[in-house]
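To start, the structure under review is shown below, and the notes come after it.
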Amino acid sequence: MVCCHYVPIEGGESAFSVDRNPITFGRGALGEVGPWARALGLSRVAVITDPRVAALELFERPLSSLRQAGVDVALFDQVRVEPTDESFRAATDFAVEAKVDGFVSVGGGSVIDTAKAANLYATHPAELLTYVNAPVGEGRPVPGPLRPHIACPTTSGTGSECTGIAIFDLLSLKAKTGIAHRNLVPTRALIDPDTTETLPATVVAASGFDVLSHALESFTARPFTAREKTEPQARPMSQGANPWSDVGCREALRLCGRYLVRAVQDSSDREARENMMWAATLAGIAFGNAGVHLPHGMSYAVAGLVDSFSPDGYPKEEPMVPHGMSVIVNAPAVFSRIAASAPERHLEGAELLGADVGDADPGEAVSTRIAEMMKVTEMPNGISGVGYDRAHIPALTEGAIVQRRLLDNAPVPVERELLGELFADALTCW
């Protein structure tokens, strides 16, 4: 096989799939929306965004490009910072009433995920939980193709423009869940680093650490050879670490180690912010083919059960833990604990992030390096930094245990006892 990490396992997979949508990357890409929409045969599109992006000068670029191409626009600018089942329904209702033949999303991961959901339910109507990942929802596969969707990310983090995943808060459970299917992958991604120049430092940090964890989780996920062999069409997107995803993971980690702190600390550092946008793209492609695991699985509970935390740089209407922040507060504890599953990979990850590993313990090397980067960029010190204490651990554990799509992609078996121990370890990072 390609490397010793992927040793054949009896009854396990012997092949992996590579899924990737067309991508345009570079300054000025946002102005190419109109020509690409026409090339896809679109005549009337739903432009999905949020109020903050809609108020920015840069938002006129895609609108102008669409008008110049003769494409009608129906604007939905009410996406929430953290989408919910209610906001997914509102966007779907809008798309149905507007009678659009395609979608353009301009914003962060929440915007792109909302466009995916609106596209799905407008194209293949069903009760919301029909397509939602089991065991929260029914987990039914998407029954057919969706309408064209051009995704234009404005943050350097989620990688949603490259994945078939849409995440939201299910209000009745006070927990995050999602929908995952290849048909949700946007038709084309237009990635323009110019969009990150006005982002607040906290937003750049949270999104940047999401990139870091996408890459490191995909790199340390259980190998694809450890997954039970299935029919080719049933092979999941979260198929486990594989030689294709490794390429993007390694480069994304190297870029994060070199540019993440710079991008947070200096908004005029165009080189750093552009490279973090590229790292987000690479990590998005990687985890779209390998899948993430424990830090993300735990993050759904951290974000869903938040009581009073509200970070700088984000709207203050209600308590929230931004997605990348809810992920990274768990990461040092997780990687410290699971490093023995693949010590050479954890050491390599630490080194790519800029650590001088020497003969260091793999778990300590990678967790210490992440904590150092968190501290210097003023991320919260673990889950206690976003309002949790030991009394919350049982509820956090129950909120995370249902995220089987993610937990089962970890390189170690994950049940309640381990989750409780990890949340306890994650109370502080340094």
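Check the stretch 320-328 and report whether any residue there is crowded, with 24+ Cβ neighbours inside 10 Å, farther than 24 Å from Phe423 by Cα and β-branched (Val, Ile, Thr).
Of the residues in the stretch 320-328, the ones crowded, with 24+ Cβ neighbours inside 10 Å are 321-328.
Retained after the next criterion (residues that are farther than 24 Å from Phe423 by Cα): none.
No, there is no match, as no residue in the stretch 320-328 is crowded, with 24+ Cβ neighbours inside 10 Å, farther than 24 Å from Phe423 by Cα and β-branched (Val, Ile, Thr).
Name every residue in the stretch 166-191 that is β-branched (Val, Ile, Thr) and within 16 Å of Val327 (Cα to Cα), in order of residue number.
Once the filter is applied, which keeps residues that are β-branched (Val, Ile, Thr) and within 16 Å of Val327 (Cα to Cα), the stretch 166-191 yields Ile167, Thr177.
Pick out the one residue from Pro35, Pro83, Pro51 that is within 23 Å of Gly178 (Cβ to Cβ), touching a residue at least 12 places away in the same chain (Cβ under 8 Å) and assigned by TED's automatic domain parsing to the domain that holds Asn119. Reasoning before the result, please.
On the way: Pro35 fails: within 23 Å of Gly178 (Cβ to Cβ); Pro51 fails: within 23 Å of Gly178 (Cβ to Cβ).
Pro83 is the lone residue from the list that is within 23 Å of Gly178 (Cβ to Cβ), touching a residue at least 12 places away in the same chain (Cβ under 8 Å) and assigned by TED's automatic domain parsing to the domain that holds Asn119.
What tally of residues in the stretch 1-44 results from selecting those that are more than 17 Å from Ser64 (Cβ to Cβ), of a type in the set (A, V, I, L, M, F, W, C) and assigned to a loop (DSSP other than H, G, I, E, B)?
9
Of all residues being in contact (Cβ under 8 Å) with a residue 40 or more places away in the chain and in a helix (DSSP H, G or I) in the stretch 349-366, which is surrounded by the fewest Cβ atoms within 10 Å (Cβ to Cβ)? Just the residue, please.
Leu352
Just a yes or no: is a residue in the stretch 212-219 assigned by TED's automatic domain parsing to the domain that holds Asn330, surrounded by fewer than 18 Cβ atoms within 10 Å (Cβ to Cβ) and over 17 Å from Glu344 (Cα atoms)?
Among the residues of the stretch 212-219, not one is assigned by TED's automatic domain parsing to the domain that holds Asn330, surrounded by fewer than 18 Cβ atoms within 10 Å (Cβ to Cβ) and over 17 Å from Glu344 (Cα atoms), which makes the answer no.
With the structure loaded, tell me whether Ser207 is farther than 18 Å from Asp19 by Cβ and not in a helix (DSSP H, G or I) or whether it fails that test.
In short, no.
Against the conditions (1) farther than 24 Å from Ala151 by Cβ; (2) surrounded by fewer than 24 Cβ atoms within 10 Å (Cβ to Cβ); (3) not hydrophobic (A, V, I, L, M, F, W, C), where does Glu274 fall short? Just the number, please.
(1)
Can you tell me which residue within the stretch 329-348, out of those that are part of a helix (DSSP H, G or I) and of a type in the set (A, V, I, L, M), is surrounded by the most Cβ atoms within 10 Å (Cβ to Cβ)? So that I can check it myself, show each step before the final result.
From the stretch 329-348, those part of a helix (DSSP H, G or I) are 331-341, 343-348; that's our starting set.
If we keep only those that are of a type in the set (A, V, I, L, M) as well, we get 331, 333-334, 338-340, 347.
Values: Ala331: 27, Ala333: 26, Val334: 30, Ile338: 21, Ala339: 24, Ala340: 13, Leu347: 21.
Looking at residues that are part of a helix (DSSP H, G or I) and of a type in the set (A, V, I, L, M), I get Val334.
Which of the following residues is more than 17 Å from Leu30 (Cβ to Cβ) and at pLDDT 95 or above: Ser238, Ser218, Ser172?
Details: Ser238 fails: at pLDDT 95 or above; Ser172 fails: at pLDDT 95 or above.
Checking each option against the conditions leaves just Ser218.
Looking at Ala205, is it touching a residue at least 24 places away in the same chain (Cβ under 8 Å), crowded, with 24+ Cβ neighbours inside 10 Å and closer than 28 Å to Gly11 by Cβ?
In short, no.
Sort through Arg345, Arg369, Arg273 and tell me the only one that's in contact with an Asp or Glu (Cβ under 8 Å, 6 or more places away or on another chain) and modelled with pLDDT of 95 or more.
The unique qualifying residue is Arg273.
Regarding Ala410, is this residue farther than 30 Å from Asp266 by Cα and not in a loop (DSSP other than H, G, I, E, B)?
no
In the stretch 373-397, which residues are buried (at least 16 other Cβ atoms within 10 Å of the Cβ) and either without any contact (Cβ under 8 Å) to a residue 24 or more places away in the chain or closer than 23 Å to Ala241 by Cβ (or both)?
Met373
Just checking, how many residues over the stretch 258-294 are in contact (Cβ under 8 Å) with a residue 40 or more places away in the chain and in a helix (DSSP H, G or I)?
Total satisfying the criteria: 25.
Is it true that some residue in the stretch 283-290 is more than 20 Å from the chain's Cα centre (by Cα) and either in the same structural domain as Val329 (by TED's automatic domain parsing) or buried (at least 21 other Cβ atoms within 10 Å of the Cβ) (or both)? Before you say what the answer is, go through the steps one by one.
From the stretch 283-290, those more than 20 Å from the chain's Cα centre (by Cα) are none; that's our starting set.
For the stretch 283-290, residues more than 20 Å from the chain's Cα centre (by Cα) and either in the same structural domain as Val329 (by TED's automatic domain parsing) or buried (at least 21 other Cβ atoms within 10 Å of the Cβ) (or both): absent.
The values are calculated or read from the model by the stated rules, or taken from the named source; none is laboratory data. Note that the structure is predicted; figures quoted are calculated from it, not measured. No Cβ is skipped: glycine too gets one built from the backbone with ideal geometry, and neighbour counts run over all protein chains shown.
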